[in-house]
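Taking it in order: structure first as structure tokens, then the write-up.
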Amino acid sequence: MPELIRTCLLFAVDDGEQPRVLLGRKKTGLGAGRVVGLGGHLEAGESPSQAVIREAREEAHIEVVESDLELAGFVVFTFPHRPAWSQTVDVFVTRRWGGQPSSSIEIEPEWHPVDTLPLEAMWDDARYWLPQILDGEVISVEVTFGPDNRTVAEHSIRAEPTQEPGGRG
């Protein structure tokens with residue numbers, strides 16, 4: 001099996017009186033039209049934490065520092081019917097950032113209450129693991145998509161020991 005694409009995701013959480021999470025409606029590329037976390041591919045020589053900091057700046061115009069990143073887990077997405085989409089994802093949460101989220105070419109940032117996530121507008125897998133991450137769990141997830149490349153055919157989730165940000169590379 002070829003090496004999977006390495007990507008990263010960030011969920012900026014505002015723990016105020018009404019906890020909310022910054023998501024974004026994807027404008028271009030894989031997942032266009034869906035609500036997603038901030039993130040994308042690692043560039044050559046980048047660690048996952050460096051990549052997620054860059055992606056937050058590019059996609060939502062917010063500034064995040066590495067010491068404010070919490071490693072929330074790892075996800076392996078397998079698309080047997082579209083192997084080029086298969087990837088591994090380092091998932092981070094931050095509760096601190098600078099700047100106001102604003103629209104970019106790729107993402108229209110949107111705040112959503114943590115207790116009413118727009119799961120119907122997200123990739124099908126999010127319902128299995130995103131609430132756990134937003135509850136503070138650190139998890140390892142494996143997801144296999146079905147022939148339609150939209151719905152989850154199989155998934156597994158397990159608790160993951162806490163690691164330092166970027167701990168896998």
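Just a few scattered comments:
- Two-site label geometry, Arg82 and Ala44: point separation in nm, points 7 Å out along Cα→Cβ: 2.8 nm
- Cα-based shape type of the range 1-141, given that a ≥ b ≥ c are square roots of the gyration tensor eigenvalues and the cut on a/c is 1.5: rounded
- Karplus-derived HN-Hα couplings along the range 114-128 (A = 6.51, B = -1.76, C = 1.60, θ = phi - 60°), whole Hz, x at Gly and Pro: 4, 8, 9, 5, x, 4, 5, 9, 9, 4, 4, 5, 4, 5, 7
- Protein accessible area in the chain, 1.4 Å probe - carbon and sulfur %: 50 percent
- When shorter helices are ignored and each DSSP H run of at least 4 residues is given -39500 (n - 2.57), the per-residue value for the chain at 222 nm works out to -4000 deg cm²/dmol.
- With the simple spin-label model, which puts each label point 7 Å out from Cα in the Cβ direction, the Glu66 to Arg95 separation comes to 2.2 nm.
- Distant-in-sequence amide H partners of Phe92 (H built 1.01 Å from N, under 5 Å): Leu9, Leu10, Phe11, Ala72
- Residue-level accessible surface for Asp115, protein heavy atoms, 1.4 Å, Å²: 130 Å²
- Dipole orientation for the range 1-155: of the candidates Ala12, Val65, Leu42, Leu42 has the Cα lying most toward the positive pole (charges on Cβ; Lys, Arg +1; Asp, Glu -1).
- A 1.4 Å probe run over the protein chains yields, for the chain, 50 Å² of accessible area per residue, whole-number rounding.
- The antiparallel fraction among DSSP beta bridges confined to the chain stands at about 70%.
- Solvent exposure of Arg158, expressed as accessible area, is near 120 Å², computed with a probe of 1.4 Å over the protein chains only.
- Using only side-chain charges placed at the Cβ, +1 for Lys and Arg and -1 for Asp and Glu, the dipole size of the chain relative to its Cα centre rounds to 400 debye.
The values are calculated or read from the model by the stated rules, or taken from the named source; none is laboratory data. What you are looking at is a predicted structure, and each value in this text was computed from that prediction instead of being measured. FYI the Cβ positions are ideal-geometry reconstructions off the backbone, even for glycines, and counts take in every protein chain you see. Heads up: the accessible areas ignore ligands, DNA and RNA and are worked out on the full protein's heavy atoms, side chains in. Shrake-Rupley method; radii C 1.70, N 1.55, O 1.52, S 1.80 Å.
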